[in-house]
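The values are calculated or read from the model by the stated rules, or taken from the named source; none is laboratory data. Please read all numbers here as calculations on a predicted model, not as lab measurements. Methodologically, a virtual Cβ is constructed for each residue, glycine included, from the backbone with ideal geometry; neighbour enumeration extends over all protein chains shown.
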Amino acid sequence: VTIRRQNYLPFPYDIVAVELEFDLDPASTLVRSRLQLKRLAPGPLVLNGEDLELLSVTVDGQSWEGGRYQLDAQTLTLDGLGDEAIIEIASRCRPEANSTLMGLYVSNGVFFTQCEAEGFRRITWFPDRPDVMSRYTVALRADKQRFPQLLSNGNLIAQRDLPDGRHEARWEDPFRKPCYLFALVAGRLTWRESRMRTRSGREVLLQVYSDPGSEDKTQFALESLERAVRWDEQRFGLELDLDRFMIVAARDFNMGAMENKGLNIFNAAYVLADPESATDANFSAIEAVIGHEYFHNWTGNRVTCRDWFQLSLKEGLTVFRDQEFTADMMAQELDAQAAASARTVKRIDDVVTLRAAQFPEDAGPMAHPIRPDSYQEIGNFYTATVYEKGSEVIRMQQTLLTPAGFRRGLDEYFRRHDGQAVTCDDFVDAMESVYVQDHPGRGLSVFRRWYSQAGTPRVKVSLDHDAARQTCTVTLEQRCEPVGVERLPGAPTKQPFHIPFAIGLLDAAGKPLPLRLASEAETRDSLLLELTTQRAQWTFEHVAAKPVPSLLRDFSAPVIVDYDYTDAELALLMKHDPNAFARWEAGQQLATRTILAATRARQQGEPFSLHGEFVEAWRAVLTVPGLDAGYRARALTLPSEKTLAEYMDQVDPIALADARHETLGALGRALAADWRAATEANQTPDAYSPDPISAGRRALKNLALAYLMAGSVEGAQQQAQAQYQGARNMTDRMAALSTLVNYGEAAAATAALTDFYERWQDDPLVVDKWFTLQATARSTTVETVEGLMVHPAFSLRNPNRARSLVFQFCLNNPIGFHRADGSGYRYWAEQVLALDALNPEIAARLARTLDRWVRYVPELSESMRQALQQVRNHPGLSRNVTEIVSKALEIA
Ligand code: ARG
Ligand code: ZN
């Protein structure tokens, strides 16, 4: 069944207060719920429930049996209630048998909950929707030996021992909240804590809990939390509103983390780190995710979503906030130039993610606006579009309003909606109320189409230079083909978007031209053009010769730019564009052209060699003075296969992967001396620190090693082996191991992999890395992966482990996965079905790896179609996987 946004109806009851009592037992947990409700409109009380055993129902203390309620597989309906009532429901659930990891489950002997989006209904019958907000009190009872820590939302108000070795804790959350923010944790945990004063002077307790033995790995997480609390006060004036804020690490977790009020539950991968076992990327992901969940306390919890179509209201906004947090943390304590470069590095990383994950999504069968109009299973809509494109849509509002105006808009949003469950329109209304003050006569009505239309707009740029008048006219023309459900009959025609498009112009020598619009007196270095119609033009004066345009600076909108640059113009931008983002972009485009040409050459059996111009442009980025290492590393990284595939009419994944590898090797050889010099110049001999300068050095040094290894350059193998053995941090050790496994001698690679497992077999997060390395190795086949699946350390039940092997193979091993005999796709079908029996949400994510099947060469796409069909025909398929595979087959 399809749920539609337009069918929203408010819930007819207010659930004023909720009292929950848990008798926690892994095999069978008893849950008593007491709901105090008030009628708001006529109608029965319909409660959601799933996989529950109902024991009893009473209304105002009277048993409500004998036909006074109706029970089916998904709902419990009570008729004939008064205007006010107290409902008491007793039920049982089975945490230990719950492999979905939604609702109440057990991981490593500890009870956890995950309620967003619709998991609370697996705990007790309740109106499981975000616009029903209540005050919660919770009593947790369990065996004291096995479950010494009993945690829930809000404040701990009482604790006592019970007979039979049990104990009880009572928690009270002072804030009204939707049930998706409910949480409990019970088990044996260790923790680290600190106290700080919020800016109004209140003392708060911050705690990070994790499994015993991991206590030395939580310091960075706790410090990240402290930084997040400070940053939200300083940047947005938002203060922590609780006396106590807890983070708990879980080994089994479906996603990254969850912002439950005062009790965030995290995938352990985003909490635990130390230099020996975690990489620079792990450290930065931890800080970002801790920030993200903490920032939800205001954007998500204080103001929440009216319904799940509004998910981007909290997710897009909170991703934007975590991206800004990271950028500010990276830039702090650096001089102005280094700070600007650090921000650009963060922007590049975010755009790389958007292009690799969101652009393909937005062109495929699951394409949806950041505020979808319909879904079959909401768990399928925690997507790159809702999150990452959602963040871009918020960022564009900040660009249009300026950061100061955006801040006023956000203040206004909280002034209007604190404590409410609202919509994306409510958010834009608050922003628009500020926008109109600064832009009389204009509004955000065209801008709002970013919320209702899917697809990545393309902006075609053309330049007209008039030598006689010394003017240059820039024409922007947008188009956005219907995608996903927009292609079904009856869909409305698409309207132009409001696109903030930042540009600059350079002369033939690479000097920036001051921009002066025909209508204005001012000149600027960079200008924000606002395209709000299908086509528009801007004429610049005093332009002596045809300039080279620097387009979409800082990626000012999530669009694709079409402009016919010559290779020489791209090389010029790579050297001279004062906008560091656009300079990176020029290099990526040049590399894209090179790899696509190499791919065509392979397909036609022709020889291929690198253009000298490309090699020299790459050398310049590596050697010109004045760039920091982190930026250089990004600028010298070749675009990924995923990003490149979007430029091909018919994707030939193996030719593409081989061409990319060939390009890597050729650059490795052509610039060998420079790569070696970069390796020397970027050692980090001091004690490990994950700061962006040191991380940037390691990134460049390790990229250099990868180029040298890919090019089989003399001495590289020894260098990689020495680095693997001698590494004092995981970043360097993993980087060396990865080059050994992908480009090195087979015997040395096997020895290193064995050594790595022996060293780290007791650390699950490192064992995940070990599986990932092998899953993505160039030499890995379906048979290799099947062999790894019977390794004692492998389990499909643990999402991190399944992701590290099965997902990594299907997603990031083009050569192994896309084998011509279709065996990769048959493996995919088997694993989707095996996972679906355990955990539908995770299965549906794996199912999405075949989204783009129609784009592949016919031999491959036909076997992909068969695999999709095989999954779809499977009896008893979950709603999650059904939605994905049927859309893939029907709207491809
Ligand atoms: N709200 C969480 C976040 O921080 C995501 C939770 C989604 N959970 C799920 N099982 N779908 O982004
Ligand atoms: Zn979130």
Only unsatisfied item for residue 318, checking (1) more than 11 Å from ligand 1 (Cβ to nearest atom); (2) among the polar types (S, T, N, Q); (3) assigned to a helix (DSSP H, G or I), is (1)
Tell me, please, whether a residue that is touching a residue at least 12 places away in the same chain (Cβ under 8 Å), within 16 Å of ligand 1 (Cβ to nearest atom) and in contact with a Ser or Thr (Cβ under 6 Å, 6 or more places away or on another chain) can be found in the stretch 391-402. no
Filter result for residue 113 (in a loop (DSSP other than H, G, I, E, B), at pLDDT 95 or above, closer than 16 Å to residue 27 by Cα and within 16 Å of ligand 1 (Cβ to nearest atom)): no
Assuming residue 289 fulfils every condition listed in (1) touching a Gly at 6+ places or on another chain (Cβ under 8 Å); (2) closer than 30 Å to residue 803 by Cα; (3) part of a loop (DSSP other than H, G, I, E, B) apart from one, which condition is it? (3)
Failed criterion for residue 359 (all others in (1) more than 16 Å from ligand 1 (Cβ to nearest atom); (2) more than 16 Å from the chain's Cα centre (by Cα); (3) under 18 Å from residue 643 (Cα atoms) hold): (2)
It is to be established whether one or more residues within the stretch 186-200 are surrounded by fewer than 21 Cβ atoms within 10 Å (Cβ to Cβ), farther than 26 Å from residue 286 by Cβ and in contact (Cβ under 8 Å) with a residue 12 or more places away in the chain. yes
Here are some conditions: (1) part of a helix (DSSP H, G or I); (2) surrounded by fewer than 17 Cβ atoms within 10 Å (Cβ to Cβ). Residue 875 meets all but one. Which one does it not meet? (1)
Given the conditions (1) more than 20 Å from the chain's Cα centre (by Cα); (2) surrounded by fewer than 22 Cβ atoms within 10 Å (Cβ to Cβ), and given that residue 261 satisfies all but one, which numbered condition is not satisfied? (2)
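Looking only at residues in the stretch 811-844 that are aliphatic (A, V, I, L, M) and within 16 Å of ligand 1 (Cβ to nearest atom), which one is surrounded by the fewest Cβ atoms within 10 Å (Cβ to Cβ)?
Per the stated criteria, the residue is 838.
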Looking only at the stretch 555-569, which residues are in contact (Cβ under 8 Å) with a residue 24 or more places away in the chain and in a helix (DSSP H, G or I)? 555, 567, 568
Please work out if residue 293 is within 13 Å of the chain's Cα centre (by Cα), within 28 Å of residue 730 (Cβ to Cβ) and either of a type in the set (Asp, Glu) or crowded, with 24+ Cβ neighbours inside 10 Å (or both). yes
Conditions (1) in contact with a Ser or Thr (Cβ under 8 Å, 6 or more places away or on another chain); (2) closer than 30 Å to residue 360 by Cβ; number of the one not met by residue 650: (1)
Please go through the stretch 451-496 and pick out each residue that is within 19 Å of residue 354 (Cβ to Cβ) and of a type in the set (Lys, Arg). 458
Take the conditions crowded, with 20+ Cβ neighbours inside 10 Å and either out of contact with any Leu (no Cβ under 6 Å at 6 or more places or on another chain) or at pLDDT below 95 (or both) and apply them to residue 808. Does it pass? yes
Hits in the stretch 137-152 (condition: within 14 Å of residue 262 (Cβ to Cβ) and surrounded by fewer than 24 Cβ atoms within 10 Å (Cβ to Cβ)): 137, 138
Does residue 180 meet the test of being in contact (Cβ under 8 Å) with a residue 12 or more places away in the chain and either in contact with a strand residue (DSSP E or B) (Cβ under 8 Å, 6 or more places away or on another chain) or among the small types (Gly, Ala, Ser) (or both)? no
Could you list, ordered by first residue, the pairs with Cβ atoms under 6 Å in which the first is in the stretch 543-554 and in contact (Cβ under 8 Å) with a residue 40 or more places away in the chain and the second is of a type in the set (Asp, Glu) and in a helix (DSSP H, G or I), at least 6 apart or interchain? 548/569
What number of residues within the stretch 633-681 are of a type in the set (Asp, Glu) and more than 29 Å from residue 849 (Cβ to Cβ)? 2
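Looking for whichever is over 26 Å from the mean Cα position of the chain (by Cα), among the β-branched types (Val, Ile, Thr) and away from ligand 1 (no atom under 16 Å from the Cβ) here; the options are 434, 428. Which one fits?
Only one candidate qualifies: 434.
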Restricting to the stretch 783-797, what's the tally of residues that are touching a residue at least 40 places away in the same chain (Cβ under 8 Å) and either crowded, with 20+ Cβ neighbours inside 10 Å or of a type in the set (Ser, Thr, Tyr) (or both)? 1
Residue identified as surrounded by fewer than 16 Cβ atoms within 10 Å (Cβ to Cβ), touching a residue at least 60 places away in the same chain (Cβ under 8 Å) and away from ligand 2 (no atom under 16 Å from the Cβ) among 109, 80: 109
In the stretch 271-303, how many are within 12 Å of ligand 2 (Cβ to nearest atom) and hydroxyl-bearing (Ser, Thr, Tyr)? 2
Selected residue (only one of 276, 239, 324, 233 is at pLDDT 95 or above, part of a helix (DSSP H, G or I) and farther than 24 Å from residue 389 by Cα): 233
Does the stretch 678-700 include one or more residues that are among the basic types (Lys, Arg), buried (at least 20 other Cβ atoms within 10 Å of the Cβ) and in a helix (DSSP H, G or I)? yes
Looking only at residues in the stretch 282-313 that are among the aliphatic types (A, V, I, L, M) and under 30 Å from residue 769 (Cβ atoms), which one is nearest to ligand 1 (Cβ to nearest atom)? 289
Can you pull out every residue in the stretch 836-863 that is outside any helix (DSSP H, G or I) and free of Cβ contacts under 8 Å to residues at least 12 places away in the same chain? none
Tally time: how many residues in the stretch 233-281 are among the polar types (S, T, N, Q), within 25 Å of residue 415 (Cα to Cα) and away from ligand 1 (no atom under 16 Å from the Cβ)? 1
Looking for whichever is more than 16 Å from ligand 2 (Cβ to nearest atom) and either within 29 Å of residue 767 (Cβ to Cβ) or within 18 Å of the chain's Cα centre (by Cα) (or both) here; the options are 227, 235, 251, 244. Which one fits? 251
Would you mind finding the one in 65, 50 that is of a type in the set (D, E, K, R), surrounded by 14 or more Cβ atoms within 10 Å (Cβ to Cβ) and in a loop (DSSP other than H, G, I, E, B)? 50
